[in-house]
Amino acid sequence: MQKAKARIIKIIIRFLTRNLGILSEEMEAKIRSLFISELDELVDAQFNFTSMDDLMNWLSKSGLTQRHCV
């Protein structure tokens with residue numbers, strides 16, 4: 001399961017980098033910490049992103065911020 005998750009993350013990061021530019025280490029770390037279900041949602045959501053702000057907003061709405069603050 002971890003290998004599959006790692007492959008999904010690699011593809012997502014590659015797509016986001018091509019469409020939005022180079023991601024910061026912090027952004028990549030946030031993506032890597034997502035649950036599989038959240039990665040699945042991100043796959044769909046990323047097609048609507050037009051800026052890095054869109055990605056940051058999505059990550060903050062995903063509940064990721066609350067998990068890291070607890």
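Taking only the range 37-55 into account, find how many residues are polar (S, T, N, Q) and either touching a Pro at 6+ places or on another chain (Cβ under 7 Å) or under 23 Å from Gln2 (Cβ atoms) (or both).
Taking the range 37-55 first, the residues polar (S, T, N, Q) are 37, 46, 48, 50-51.
Those left that are additionally either touching a Pro at 6+ places or on another chain (Cβ under 7 Å) or under 23 Å from Gln2 (Cβ atoms) (or both): 37, 46.
Matching residues across the range 37-55 total 2.
Do we have Leu64 as modelled with pLDDT under 95 and crowded, with 16+ Cβ neighbours inside 10 Å here?
Numbers: modelled with pLDDT under 95: yes; crowded, with 16+ Cβ neighbours inside 10 Å: yes.
Against the criterion (modelled with pLDDT under 95 and crowded, with 16+ Cβ neighbours inside 10 Å), Leu64 qualifies.
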For the range 29-61 the number of residues that are open to solvent by less than 40 Å² (accessible area, probe 1.4 Å) and in a helix (DSSP H, G or I) is 8
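The values are calculated or read from the model by the stated rules, or taken from the named source; none is laboratory data. Source: prediction; values computed, not measured. Using ideal geometry, Cβ is built from the backbone for each residue, glycine included, and neighbour counts are taken over all protein chains shown. Surface areas here come from the heavy atoms of the whole protein model, side chains and all, with no ligands, DNA or RNA. Shrake-Rupley method; radii C 1.70, N 1.55, O 1.52, S 1.80 Å.
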